[in-house]
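K.L.:
Have a look at this one before I ask anything.
The values are calculated or read from the model by the stated rules, or taken from the named source; none is laboratory data. None of the values given here were measured: they were computed from a predicted structure. Here the Cβ positions follow ideal geometry from the backbone for every residue, glycine too, while neighbour counts run over all protein chains shown.
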Amino acid sequence: MNIIRSIAEMQQFSKQCQRRGQSIGFVPTMGYLHVGHEQLMKRARSENDIVVTSIFVNPLQFGPNEDFDRYPRDEQRDIEIAKRNNVDVLFLPHQAEMYPDEQGITIEVRNRTDVLCGQRREGHFNGVVTVLTKLFHLTLPTNAYFGLKDAQQLAVVDLLVSTYNFPIKLVPVPTVREPDGLAMSSRNVYLTEKERMEAPFLYQALKHGQKLIIDGEKNPVNIVKEVIDFIDSNTHGKIDYVELLSYPDLLPIDKLEGQIILALAVHFQGARLIDNLILDQEGNISEQLK
């Protein structure tokens, strides 16, 4: 595995792959890799000639009261995990390499951001699309892999790719879960023992909402209320949101039709956890963008 830290070297490598006609599968991450990231790398490995994984904790997507400084980092561990998953190139740029000067041009996301996590994290997705625009230009991927746990992020990236005509196929990968259903996340390490015992009820709450739809409930207000009641009855977490929206457009709905997302965010003392299910109008799992 080749470790690259400079932009110039990353660009040179990507262009060489293009000239050879090799497909590039790209997995962007912020590190502290877990099984969910490994699934992305394995999927990329199975579908591409070359696999590039990036690790960069992007300061632009953290708000002033968020956990940039305490975000978990373990570079040597991440290197070993990337090697184990047969990654060809691990791109590990320093912050000064990615942002050597003050941003003279910014990208502003106007759609798909005023709901879910975006409504309480002003500027977050501007930071996401800024760093991904840079990374896409550097790695020149044929396919880019994103986990469906961050379904709003994937919807925003889909908008970025279509708006700016990136010749990239986005590949959604199903959420990887612990045996008890908890979605894998780098932030799970912050949960207390009691919070870790309660956290799986978030997924159970989503499954409860899904069952309501399967059983014939079509009123989004009723479904959201039931999911909220389930969380309140089984955890001490503070609900940030529970929403039922169209997907990937993330628009409010007054009836179930087409593809939808049932999503939640809950604050525990140790961490804020998010999870979702993407469904069709009958309640069947639909793990895709369109």
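K.L.:
Is one or more of the residues making up the range 201-223 under 17 Å from the mean Cα position of the chain (by Cα) and either at pLDDT below 95 or aliphatic (A, V, I, L, M) (or both)?
P.N.:
Within the range 201-223, not a single residue is under 17 Å from the mean Cα position of the chain (by Cα) and either at pLDDT below 95 or aliphatic (A, V, I, L, M) (or both).
K.L.:
Follow-up. Given the structure, is residue 114 surrounded by 13 or more Cβ atoms within 10 Å (Cβ to Cβ), closer than 30 Å to residue 267 by Cα, among the acidic types (Asp, Glu) and out of contact with any helix residue (DSSP H, G or I) (no Cβ under 7 Å at 6 or more places or on another chain)?
P.N.:
The answer is no for residue 114.
K.L.:
All but one of (1) at pLDDT below 95; (2) touching a strand residue (DSSP E or B) at 6+ places or on another chain (Cβ under 7 Å) hold for residue 257; state the number of the condition that does not hold.
P.N.:
Result: residue 257 passes all but (2).
K.L.:
Ok, one more. When residues of the range 95-142 are filtered for being in contact with a Leu (Cβ under 6 Å, 6 or more places away or on another chain), outside any loop (DSSP other than H, G, I, E, B) and either without any contact (Cβ under 8 Å) to a residue 40 or more places away in the chain or not polar (S, T, N, Q) (or both), how many remain?
P.N.:
Total satisfying the criteria: 2.
K.L.:
Checking residue 190 against (1) surrounded by 13 or more Cβ atoms within 10 Å (Cβ to Cβ); (2) modelled with pLDDT of 95 or more: exactly one of these is not met. Which one?
P.N.:
(2)
K.L.:
Run down 179, 172 and say which single residue is in a strand (DSSP E or B) and not basic (Lys, Arg).
P.N.:
Result of the check over 179, 172: 172.
K.L.:
Applying the selection to the range 220-246, what residues are crowded, with 19+ Cβ neighbours inside 10 Å, aliphatic (A, V, I, L, M) and part of a helix (DSSP H, G or I)?
P.N.:
Hits for the range 220-246 are 223, 227, 231.
K.L.:
So, in the range 49-76, how many residues would count as being surrounded by fewer than 21 Cβ atoms within 10 Å (Cβ to Cβ), more than 26 Å from residue 106 (Cα to Cα) and modelled with pLDDT of 95 or more?
P.N.:
Summing the residues that are surrounded by fewer than 21 Cβ atoms within 10 Å (Cβ to Cβ), more than 26 Å from residue 106 (Cα to Cα) and modelled with pLDDT of 95 or more in the range 49-76 gives 3.
K.L.:
A follow-up question, please. Would you point out which residue out of 217, 195 is assigned to a loop (DSSP other than H, G, I, E, B) and not assigned by TED's automatic domain parsing to the domain that holds residue 19?
P.N.:
217
K.L.:
If I go through the range 150-186 residue by residue, how many of them are of a type in the set (D, E, K, R) and touching a strand residue (DSSP E or B) at 6+ places or on another chain (Cβ under 7 Å)?
P.N.:
3
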